[in-house]
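The values are calculated or read from the model by the stated rules, or taken from the named source; none is laboratory data. Just so you know, these numbers come straight off a predicted model, no measurement behind them. Every residue, glycine among them, receives a Cβ derived from its backbone with ideal geometry; neighbour counts consider all protein chains shown.
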Amino acid sequence: MDRTEIAALLAFIGRLDPRTIRTDKGEARDQIAQWHELLGEVPMATPHGWDARTAVRQHIRLSPYPILPADIGRPWEDYRRDRLQRHTDPTPSVDPDDQAAWTAELARTRRAVATGSAEPARHRALTSGRDGLDPALEARLRAIGSCIPPSVRTRLAPYRPARAAREAAVSHGEPDALGVRCEWCHAPEGQPCRSRRVGPDGGSSGNAPRATPHPSRLDLAAARVQAQQPSTA
């Protein structure tokens, strides 16, 4: 609040509690200066729930003592703390590789929430679908085509060979072998095949994941694709 707002607030307080009125001009000037020094960073009102006059009415209604700046500053700090506790940082819309811009946007969002200029962001787990996704992020995702950029996907390929082989096969128009269950190693749909060795007693051993699917699984995937294609007379 600036000095004009402080003077208006003190006039409002004086109407509700005449004990706070200063009739001497010097005392009134000192009172305004003191309150401005202590409440200069506290807004008179915000678009989302804070109003200093509400704190004034609450104090005068419940307390027999004259109001002090702390009786407004304390509710304001509680208001800020409550909003930040309910806020979950949304993903910034800037390039994540730009650390300075990323941090600056997070700080601006938190400041806006704390000062009542913006509502706290809901947690993504409590929303349905893609509601509330930042438009800039959505446009960036459409441009890339995936949440993992192609350059990063290429660098990750050596660490997840089964997924890399699956993506390469699909990109070349080959059937997705991991889209069916493997009848040889019994790997479920979506999981890589496992190495199985048949011992002399007929039992199987080994459970290491394979970088490539079993041939029978490839044949089964190809047969499924062929069965789904419309037949031509």
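Taking the condition at pLDDT below 85 and in a helix (DSSP H, G or I), does VAL152 pass? Taking the combined requirement at face value, the residue satisfies it.
Can you say whether THR20 is of a type in the set (Ser, Thr, Tyr) and in contact with a helix residue (DSSP H, G or I) (Cβ under 6 Å, 6 or more places away or on another chain), as far as the supplied structure shows?
Values: of a type in the set (Ser, Thr, Tyr): yes; in contact with a helix residue (DSSP H, G or I) (Cβ under 6 Å, 6 or more places away or on another chain): yes.
When the stated conditions are applied, THR20 passes them.
Restricting the range 42-59 to residues that are in a helix (DSSP H, G or I) and either within 32 Å of the chain's Cα centre (by Cα) or touching a residue at least 60 places away in the same chain (Cβ under 8 Å) (or both) leaves a set whose member that is surrounded by the fewest Cβ atoms within 10 Å (Cβ to Cβ) is THR54. Only one of LEU62, LEU106, LEU39 is surrounded by 14 or more Cβ atoms within 10 Å (Cβ to Cβ) and under 30 Å from LEU16 (Cα atoms); which? Answer to the selection: LEU39. Taking the range 60-71 only, how many residues are assigned to a loop (DSSP other than H, G, I, E, B) and in contact with a Ser or Thr (Cβ under 9 Å, 6 or more places away or on another chain)? The number of residues fulfilling the criteria is 2. Among the residues in the range 203-222, are any of a type in the set (D, E, K, R) and modelled with pLDDT of 85 or more? Yes - at least one qualifying residue is present in the range 203-222. Considering the range 164-178, the residues that are in contact with a helix residue (DSSP H, G or I) (Cβ under 6 Å, 6 or more places away or on another chain) and of a type outside the set (A, V, I, L, M, F, W, C) include one that is modelled with the lowest pLDDT, namely ARG166.
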